[in-house]
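Trainee: Shown below is the structure under consideration.
What follows is calculated from the coordinates using simple rules that are stated; it is not laboratory data. Just so it is clear, the model here is predicted, and its values are computed rather than measured. Cβ placement follows ideal geometry from the backbone for every residue including glycine, while neighbour counts extend to all protein chains displayed.
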Amino acid sequence: MCTHWLPLLAAALVLAGCRGADGPGAAAPPQPSRSRPGSDLVVATSARVGSVDPVRASTFGATQLLSALGDPLYRLGDDGSVQPALAADVPRVSSDGLTVTIPLRRDVLFHDGTRFDADAMVFSLERFLAIGTLSYLLDERIEAVRASGSHELELRLRRPTTVLPQLLSTINLTPVSPKAYRDHSDRALSDRFVGTGPYRLSFFSDQQQRLEPFERYWGERPRNAGIVLVSLGNSTALFGAMGSGEVDVLLSTGLHEDHQQALERRAEQGDLREGQGPALEIGYITLHTQQPPFRDPALRQALAHSLDRQLISERVSQGLRSPLRDLVPPAVSGTTRQIWPAYSPDTARKLFRQAGYCDGTVLELPLTFRSNIPSDRLMVLTWQAQLARDLGDCIVLQPNGMESTTVYRQLGEGAFAAVMLDWRGAVRDPEAYLFPLLSCSEAEGEHCLRGESALSGSFWTAPGLQEELLRSEALAGAERLALLQRIEERTAAAAPYLPLWLVTPRAWAQPGLATPRFDGNGRLLLQDLQRLP
């Protein structure tokens, strides 16, 4: 493998224009060279990284990169349990639930040699709250942050919340060096990063990043001499690079199902090592509940009963994607639930008739899918054929392919009667799946005028639903989970969304490497990758 990585990386550098990690206007650095030939591990994915700044990182590729360069206050174990990282202990909460005090580690350095302390954490959190793409995670919860000691952070909350440690495990909240970001407190620094993590970033472009172990890291050192992350444009290129040995480790993101199946077979034969992470990504369909014909709940329920998820999973992914009848993945809720209606063409037919279809009147359903995502197209074609087989006298599916960026831009404008999407919660908690789809700040009856439900394209809410969502934040344990399940049951009865499948992240390593491992947030643990003796 050692000699094959150079052409691949050279191509990536040429395409990237050799932009360096020292910021705009800096001289372009030479192609990175290995201090010890054959020591770096090449990890490939389809995900490009547009920005390595925590305030802008929102894509899988960016957060995967950040998880190796920075540390959160808390980490999630394989089972979702919260463990202190930069925090020295669990949070201390005041009796009214509004003041949270977090002790911080005293032995941590930033990559530029400056010390991590409470002032640095305050700088980073205030910067994220001011300009962060995902600032909504905290801005409605946190009223103020301050350093209550040299290594003690105090958060003043707007309302009590029991999920703060999970929120503080978000890698976007990783601290950055106030010295390095002094001139970027109010704007993003997209092409370099100075944090506290086990690696430092020595080269950056949107297609390739070089990570070198940080010699003064406070925690366990990486088990390898460095990582080169490369982005290849399509599934065929990724699959070919793994087969030729140009790549040491390959992530499943962006890989076609047939390529994943081939890699899985090679792993079963002992030719590769396969690792799997927690399944935290869901696929689902959004129905515009304020647009005819989906104002009728009976029609939405008919569609819910018409989905043969098992067939779709087998035809699209040969079982790699598990059927899902829940908006919250089992790895998050802690149990496998079947909240949405099961496949029942007879029930669907009765409901279609109740809505005025069948018996000579056929519903023409326009379903928008993301044309650049192969699994979307396969799902739509499979469902189209299944509906024609089961309910062809009641409904005809009319597929409409559209590039994903256009779909996302038009979603909140109510442009789609039905659209296929996916979602991965920013944190491993049911709230991270329910709030982004159901939260509504302004409503008229069951019509959400403003809020996440409108931005998600369903425009659905229900009387008292928002109050229940907010009340869940102050609850814990079984009481909280029971309330969140009741919220889902109300949602399933109205069917503004149709959960479809669950996506498990996978990674394959060459046989000379240890089996890849994932963290509790479903990201590959780059620091654990190592060659076997």
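Trainee: Mind giving me the FRET efficiency for Ala493 and Val90? R0 is 35 Å, r the Cβ-Cβ distance, nearest 0.05 is fine.
Mentor: With a Förster radius of 35 Å, E is 0.40.
Trainee: What fraction of the DSSP beta bridges in the chain is antiparallel, stated in percent and rounded to the nearest 5?
Mentor: 80 percent
Trainee: Counting alpha carbon pairs within less than 8 Å and at least 6 residues apart, what relative contact order, in whole percent, applies to segment 187-283?
Mentor: 15 percent
Trainee: Name the GluC sites (Glu not before Pro) in segment 410-495 that are in a loop by DSSP and that have at most 16 other C-beta atoms within 10 Å, would you?
Mentor: For GluC sites (Glu not before Pro) across segment 410-495 that sit outside H, G, I, E and B with at most 16 neighbouring Cβ atoms in 10 Å, the list reads Glu413.
Trainee: Mind sorting out which of (1) 182; (2) 145; (3) 221 is the real volume of the Cα convex hull per residue in Å³ computed from the coordinates?
Mentor: For volume of the Cα convex hull per residue in Å³, the calculated option is (2).
Trainee: Turning to a different aspect of this structure: Only four residue types carry charge here, +1 at the Cβ of Lys and Arg and -1 at the Cβ of Asp and Glu. Report the dipole size of segment 281-503 about the Cα centre in Debye, rounded to the nearest 20.
Mentor: With only Lys, Arg, Asp and Glu charged at Cβ, the dipole is about 420 debye.
Trainee: Between Ser150 and Glu413, take the C-beta separation as r, use R0 = 51 Å, and let me know the FRET efficiency to the nearest 0.05.
Mentor: 0.55
Trainee: Using the Cα centre of the chain as origin and beta-carbon charges of +1 (Lys, Arg) and -1 (Asp, Glu), tell me which of Pro499, Pro533, Met420 is placed farthest towards the positive end of the dipole.
Mentor: The Cα lying farthest towards the positive end belongs to Pro533.
Trainee: Calculated from DSSP H runs of 4 or more alone, at -39500 (n - 2.57) each and per residue, what is the 222 nm mean residue ellipticity of the chain, nearest 500?
Mentor: Taking each H run of at least 4 residues, the total per residue is -9000 deg cm²/dmol.
Trainee: Select from segment 127-207 those trypsin sites (Lys or Arg not before Pro) which occupy a DSSP coil region and have at most 14 other Cβ atoms within 10 Å, ordered by residue number.
Mentor: For trypsin sites (Lys or Arg not before Pro) across segment 127-207 that sit outside H, G, I, E and B with at most 14 neighbouring Cβ atoms in 10 Å, the list reads Arg158, Lys179, Arg187.
Trainee: Extending each Cα 7 Å along its Cβ direction at Asn234 and Asp183, get the distance between those two points in nm, one decimal.
Mentor: That separation, rounded to one decimal, is 4.2 nm.
Trainee: Three principal axis extents, largest first, for the C-alpha atoms of segment 417-516, in Å?
Mentor: 60, 37, 21
Trainee: Give me the Kirkwood hydrodynamic radius of segment 281-503 in Å, from all C-alpha pairs, to one decimal place?
Mentor: 17.6 Å
Trainee: Could I ask something else about it? Angle between the Cα long axis of helix 297-306 and the longest principal axis of the chain, 0 to 90 degrees, nearest 10?
Mentor: The two axes meet at around 70 degrees.
Trainee: Quick check for me: using +1 on Lys/Arg Cβ and -1 on Asp/Glu Cβ, what's the dipole size of segment 36-195 about its Cα centre, in debye to the nearest 20? Mind showing how you got there, number by number?
Mentor: Working: 18 positive and 20 negative charges, 36 e Å.
It works out to roughly 180 debye.
Trainee: Give me the tail of P(r) for segment 130-239 as a percent: Cα-Cα pairs with distance above 20 Å.
Mentor: It works out to 59 percent of all Cα pairs.
Trainee: Please work out whether segment 478-521 counts as rounded, prolate or oblate from its C-alpha gyration tensor, where a ≥ b ≥ c are the square roots of the eigenvalues and a/c under 1.5 means rounded, while otherwise a/b larger than b/c means prolate and anything else oblate?
Mentor: Oblate shape, in that a/c is at least 1.5 and b/c is the bigger or equal ratio.
Trainee: Would you list the P(r) distribution for segment 321-409, with all Cα-Cα distances sorted into 5 Å bins from 0 and each bin expressed as a whole %?
Mentor: 3, 12, 17, 16, 18, 18, 13, 3, 0, 0
Trainee: Using Cα-Cα distances under 8 Å and only pairs 6 or more residues apart, what relative contact order does the chain have, in percent?
Mentor: 19 percent
Trainee: To test your reading of the geometry: what angle, between 0 and 90 degrees and rounded to tens, separates the Cα axis of helix 5-16 from the longest principal axis of the chain?
Mentor: Helix 5-16 and the main axis of the chain meet at about 70 degrees.
Trainee: Rounded to the nearest 10 degrees, what's the angle between the helix 118-131 long axis and the longest principal axis of the chain, both from Cα atoms, 0 to 90?
Mentor: 40 degrees
Trainee: Got a sec? How would Ile339, Ile171 order by Cβ neighbour count within 10 Å, fewest to most? Intermediate values should be presented prior to the final figure.
Mentor: On the way: Ile339 17, Ile171 26.
Lowest count first: Ile339, Ile171.
Trainee: OK, next. Taking 0.36 nm per residue of sequence separation and subtracting the Cα-Cα distance, how much length would be gained by fully extending the chain between Thr59 and Leu311, in nm to one decimal?
Mentor: 87.7 nm
Trainee: Antiparallel DSSP bridges in segment 281-503: what percent, to the nearest 5? Don't skip to the answer; put the middle values down first.
Mentor: Numbers: 20 of 29 bridges.
Of those bridges, close to 70 percent are antiparallel.
Trainee: Sticking with this one: Taking the Cα centre of the chain as origin, work out the dipole magnitude from +1 charges on Lys and Arg Cβ and -1 charges on Asp and Glu Cβ, in debye rounded to 20.
Mentor: 720 debye
Trainee: Which of the listed residues, Ala388, Val332, Tyr357, is farthest toward the dipole's positive end in segment 252-392, when Lys, Arg count +1 and Asp, Glu count -1 at the beta-carbon?
Mentor: Of the options given, the answer is Tyr357.
Trainee: Over segment 281-503, what is the relative contact order in whole percent, taking alpha-carbon pairs under 8 Å and six or more residues apart?
Mentor: Relative contact order for segment 281-503 comes out at 33 percent.
Trainee: Could you list the residues of segment 273-311 with an amide nitrogen less than 20 Å from a label point located 7 Å from the Cα of Ala342 in the Cα-to-C-beta direction?
Mentor: Those under the cut-off are 301-311.
Trainee: Please work out how much length the chain gains when fully extended from Glu403 to Asp139, using 0.36 nm per residue of separation minus the C-alpha to C-alpha distance, in nm with one decimal.
Mentor: Numbers: separation 264, 0.36 × 264 = 95.04 nm, distance 3.12 nm.
Stretched out fully, the Glu403 to Asp139 stretch lengthens by 91.9 nm.
Trainee: Which one, Gln301, Ser313, Pro399, is farthest towards the positive end of the dipole of segment 281-503 when Lys and Arg carry +1 and Asp and Glu -1 on their Cβ?
Mentor: Ser313
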